[in-house]
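The values are calculated or read from the model by the stated rules, or taken from the named source; none is laboratory data. Note that this is a predicted model, so its numbers are computed, not measured. Cβ coordinates were reconstructed from backbone atoms using ideal geometry, including for glycine residues, and neighbour counts include every protein chain displayed.
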Amino acid sequence: MKNLFDALANSNRLRMVRILLRGPLNVSEITSVLGLSQSNVSHSLRKLLDAGIVIRQGRGSWAYYSLNRNDTVIVKILASVSAGMKEIENYKTDMPELRRCYDKRKSEAKEFFDRRASKFDEVSYLMPDPEAYITDVINMYPAGSTILDAGCGHGELVMRLARKGMTVIGVDQSQEMLAQAKKQISSDCELCNFELRLGSAEQLPLDDSSVDGVIAHMLLHHLSEPSMFFKEASRVCRDNGRCSVIELTLHENHDLKRKQGDLWPGLDRNEVRVWMSFAGFSGVEESVSDDGRVFILSGILDERNFYG
């Protein structure tokens, strides 16, 4: 307990905790946001790590730091920091810098997918085979539902859902990806129950309570701020609607970052479960693929959801 409070008895370390409340950051990003030297940041992170306040995920260039939400004492302290975040030094300068950090991530991801849209299938071999799990996910949604495919890419899932008799809205931030999706889906002359929209998964171009379900297939590891996706999913989903996430577990495959523009080395499914719960999705069911590379979380939007 002494180590915990000693670690927080420093304004710069409190600033770090404040910006990590929004999601994981690497050393370079923390340094840039707070305007501190890398040595100062590394020393402070070591103090926070030793106290159990933060955890480090990945290795080498994949090293990201996030808050430890598995300890009940720390969770209560984090709630206090969150409530008083404006009272911590440099609030008016740190938060705009944090926003710029996320905007930079988002811009880099969009540029990557615009460049690689027509060649993305060439590196699909790096990803797990969706045939092992995608049918089970689709079967969670009844025919006649209106489903959002967030980060629809080339439109494969849009086509599968539409063939099952659902009305599908595919959203992607890359105009080039949407062009590829339209070309592919239009080749099936029988499909007309779909729509493609340009937009960000963190700012979905949909009205409130407008869909029965939301699916994010291999999306979160490309997002600048993956936790914010669930706020939007909660907003656009109707009461008792379902949200399903299919994601990579934490890994050390550097080719994924280099060839597919991944921002995250997979995700911690327990952290994703927390994000879903906070956004109002309850009764979250979990499964993991046989090879351990993929996890699936699916929950129902509570009528009393936090953002509603």
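Tabulated data
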{"quantity": "So residue 41, is it crowded, with 17+ Cβ neighbours inside 10 Å, touching a strand residue (DSSP E or B) at 6+ places or on another chain (Cβ under 9 Å), over 30 Å from residue 199 (Cα atoms) and not aromatic (Phe, Trp, Tyr)", "calculated": "no"}
{"quantity": "Residues located in the range 271-286, provided they are of a type outside the set (Val, Ile, Thr) and touching a residue at least 24 places away in the same chain (Cβ under 8 Å)", "calculated": "271, 273, 275, 276, 278, 279, 280, 281"}
{"quantity": "Pick from the range 140-187, criterion basic (Lys, Arg) and not in a loop (DSSP other than H, G, I, E, B), ranking: surrounded by the fewest Cβ atoms within 10 Å (Cβ to Cβ)", "calculated": "183"}
{"quantity": "Of all residues in the range 56-73 being of a type in the set (A, V, I, L, M) and surrounded by fewer than 18 Cβ atoms within 10 Å (Cβ to Cβ), the one that is nearest to residue 2 (Cα to Cα)", "calculated": "73"}
{"quantity": "Residue list for the range 1-56, filter: under 22 Å from the mean Cα position of the chain (by Cα) and outside any helix (DSSP H, G or I)", "calculated": "21, 22, 23, 24, 25, 26, 53, 54, 55, 56"}
{"quantity": "All positions within the range 205-259 that are of a type in the set (Lys, Arg) and part of a helix (DSSP H, G or I)", "calculated": "231, 235, 257, 258, 259"}
{"quantity": "Unique match (being among the polar types (S, T, N, Q) and touching a His at 6+ places or on another chain (Cβ under 6 Å)) among 180, 173", "calculated": "180"}
{"quantity": "Qualifying residue in the range 268-278 (condition: of a type outside the set (Asp, Glu) and either in the same structural domain as residue 66 (by TED's automatic domain parsing) or on the phi > 0 side of the Ramachandran plot (or both))", "calculated": "no"}
{"quantity": "Subset of the range 193-248 (residues that are under 14 Å from residue 153 (Cβ atoms), touching a residue at least 40 places away in the same chain (Cβ under 8 Å) and of a type in the set (A, V, I, L, M))", "calculated": "196, 201, 215, 216, 218, 219, 220, 223, 246"}
{"quantity": "Flag if residue 76 is surrounded by fewer than 16 Cβ atoms within 10 Å (Cβ to Cβ) and either in a loop (DSSP other than H, G, I, E, B) or on the phi < 0 side of the Ramachandran plot (or both)", "calculated": "yes"}
{"quantity": "Filtered residue count, the range 1-35, keeping only those that are free of Cβ contacts under 8 Å to residues at least 60 places away in the same chain, buried (at least 17 other Cβ atoms within 10 Å of the Cβ) and among the β-branched types (Val, Ile, Thr)", "calculated": "2"}
{"quantity": "Condition check for residue 66: among the small types (Gly, Ala, Ser), touching a residue at least 60 places away in the same chain (Cβ under 8 Å), within 21 Å of residue 268 (Cα to Cα) and not assigned by TED's automatic domain parsing to the domain that holds residue 273", "calculated": "yes"}
